[in-house]
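The values are calculated or read from the model by the stated rules, or taken from the named source; none is laboratory data. Predicted, not measured: the structure shown is a model, and the values here were computed from it. Reconstructed Cβ throughout: ideal geometry from the backbone, glycine too, with neighbour counts over all protein chains shown. Note: accessible area is taken over every heavy atom of the protein model, side chains too, but ligands, DNA and RNA are not part of it. Shrake-Rupley method; radii C 1.70, N 1.55, O 1.52, S 1.80 Å.
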Amino acid sequence: SVSPNVMSLAVFDDGGGPALYAGGNFVTAGGVSARHIAKWNPGAPDSWSALGSGMSGGLVTSVNALTVFDDGGGPALYAGGDFDTAGGVSASAIAQWKSTIWPHIKKRQTTWLPSGISRRKRIFAHS
């Protein structure tokens, strides 16, 4: 189980086959420390795992949105929400998960939100 709240779900293949990812304002998933984002590992035994050290910072740290997008470098899972870091990398409310790491997003759009809105509630991907 994941508690207290799951706010977003997405299916992503990190190279090991498609898996379900959950984001929210939880710090554990199935008894495993998973700070606001976790991966469901189907099979024997079924279990949750953390994505690195997860997210931290923010007023009320949470992952509110997940989507998969290929920016030309292969598919990646993107997380948006109220956080400042992802896996210890500066993230400022949006982060990219590539297989086993949270790489720095090189071209981050910082002027796309109206004044006063600072955290991502939704992420839309299009090409």
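Sort out which residues of the range 1-47 are among the acidic types (Asp, Glu) and either under 15 Å from Asp82 (Cα atoms) or assigned to a strand (DSSP E or B) (or both), and write them in order of number. Before the answer, list the steps.
Of the residues in the range 1-47, the ones among the acidic types (Asp, Glu) are 13-14, 46.
Passing the criteria: only Asp13.
Scan the range 80-103 and give yes if some residue there is open to solvent by 40 Å² or more (accessible area, probe 1.4 Å), in a loop (DSSP other than H, G, I, E, B) and touching a residue at least 60 places away in the same chain (Cβ under 8 Å), otherwise no.
Taking every residue of the range 80-103 in turn, at least one turns out to be open to solvent by 40 Å² or more (accessible area, probe 1.4 Å), in a loop (DSSP other than H, G, I, E, B) and touching a residue at least 60 places away in the same chain (Cβ under 8 Å).
Within the range 11-30, restricting attention to residues that are surrounded by 12 or more Cβ atoms within 10 Å (Cβ to Cβ), farther than 19 Å from Thr61 by Cα and among the small types (Gly, Ala, Ser), which residue is modelled with the highest pLDDT?
Among them, the one singled out is Ala19.
Looking only at residues that are touching a strand residue (DSSP E or B) at 6+ places or on another chain (Cβ under 8 Å) and surrounded by fewer than 14 Cβ atoms within 10 Å (Cβ to Cβ) in the range 60-72, which one is modelled with the lowest pLDDT?
Taking the candidates together, the pick is Val60.
Output the residue which, of all residues in the range 32-49 that are modelled with pLDDT under 90 and surrounded by fewer than 14 Cβ atoms within 10 Å (Cβ to Cβ), is nearest to Gln96 (Cα to Cα).
Taking the candidates together, the pick is Pro42.
Consider Phe69 against the criteria (1) free of Cβ contacts under 8 Å to residues at least 40 places away in the same chain; (2) of a type outside the set (A, V, I, L, M); (3) in a strand (DSSP E or B): it satisfies all of them except one. Which criterion is unmet?
For Phe69, the failing item is (1).
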